[in-house]
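Nothing in this text is a laboratory measurement; each read-out follows from the coordinates by a stated rule. Source: prediction; values computed, not measured. Every residue, glycine as well, gets a Cβ built from its backbone with ideal geometry; the counts of neighbours run over all protein chains shown.
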Amino acid sequence: MLLFGHRFIKNETFFHILDSDALLHTPPNAPIYVEFQESNLDIIEYLQTNKIRFALNVATITELIYGASLQASYIFVPKELAKTAQNIAENYLFDAKIVVHIENEDEIEPMALLGIDGVAFPSAIVKINS
């Protein structure tokens, strides 16, 4: 299981951008975090074209499917969709890892028991303004 933002484990930090100008303020090779919205498709296309790894935060199963088709490296899903999303990802052999936002360490074990690829604490995502 991947642990992002855990105080014991050094792992990647995601940089949450709201527009493509914010990319100028992110470290090289850092994974980008984007909310799935139709208005962000230009950002997602830019990330794809430039082979920049990115995480897509989705709210529905349909958006999960879009995320895989858009070649996201990580797809963040709500807890209530975690098991279903993981099953779909395994069934369709997604390249993306399924990640769930959590607030505290007590939430790691339930996600592990569901077979979720990873969890992210709030400190794993840094918001970048342009």
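What the table shows:
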quantity	calculated
Charge sum, other residues only, whose C-beta stays under 12 Å from ILE116's C-beta, Lys/Arg counted +1 and Asp/Glu -1	-1
Residue of ALA59, ALA82, ALA72 that the Gaussian network model of the chain assigns the largest fluctuation, springs spanning Cα pairs under 10 Å	ALA59
Dipole magnitude of segment 2-128, debye to nearest 20 (Cβ charges: Lys/Arg +1, Asp/Glu -1, about Cα centre)	340 debye
Residue exposure sequence - HIS6, HIS25 - by fewest surrounding Cβ within 10 Å	HIS25, HIS6
Extension gain from ASP95 to VAL126, taking 0.36 nm per residue of separation minus the Cα-Cα distance	8.8 nm
Normalised contact order of segment 72-130, rounded percent, pairs of Cα under 8 Å and 6 or more residues apart	35 percent
Residue order, fewest to most surrounding Cβ atoms within 10 angstrom, among ILE128, ILE98, ILE9	ILE9, ILE128, ILE98
Mean separation of Cα contacts under 8 Å (6+ apart) over length of the chain, as relative contact order %	33 percent
